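Nothing in this text is a laboratory measurement; each read-out follows from the coordinates by a stated rule. Quick caveat, the model's predicted, so the values are computed rather than measured. FYI the Cβ positions are ideal-geometry reconstructions off the backbone, even for glycines, and counts take in every protein chain you see.
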Amino acid sequence: MTADYTIKITLDDEKIKKLEEAGLGDSIKNKIIAVPMPQKNKRKFVKAFPNAVLDDAAGEITDFPEESVDLLIETIAENKMLEIMHLFLMKAFKPLEGREIRHSIHSA
């Protein structure tokens, strides 16, 4: 069976306050929060964050980009839960960004 992964994020006081206001203070341990990343999101996660390292043995993700941490924390606080990876990836991974929208033209 394939295992899920965890992203461990070190929090500053501002992020801790934001998460506590969302009712997630119990999830914070030693200024660290562990965000689950289910196996089913692995393909999209790897495309969105190609430099992140998924350690199968430890079940952890390292080298998660620092510039994406704020968006991840914001998504967690907004939804008031940790199981938000699919929502986070929809915000972070935009494969069609910058491309022109295709229009289908049908003649009658």
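Points to keep in mind about this one:
- Length added when fully stretched, Leu87-Glu60, from 0.36 nm per residue minus Cα-Cα: 7.8 nm
- Dipole magnitude of segment 5-92, debye to nearest 20 (Cβ charges: Lys/Arg +1, Asp/Glu -1, about Cα centre): 420 debye
- Extended-chain gain in nm, criterion 0.36 nm per residue less alpha-carbon gap, Asn79 and Ser27: 17.3 nm
- Tensor-based shape of segment 5-92 (alpha-carbon gyration tensor, a/c under 1.5 rounded, otherwise prolate or oblate): prolate
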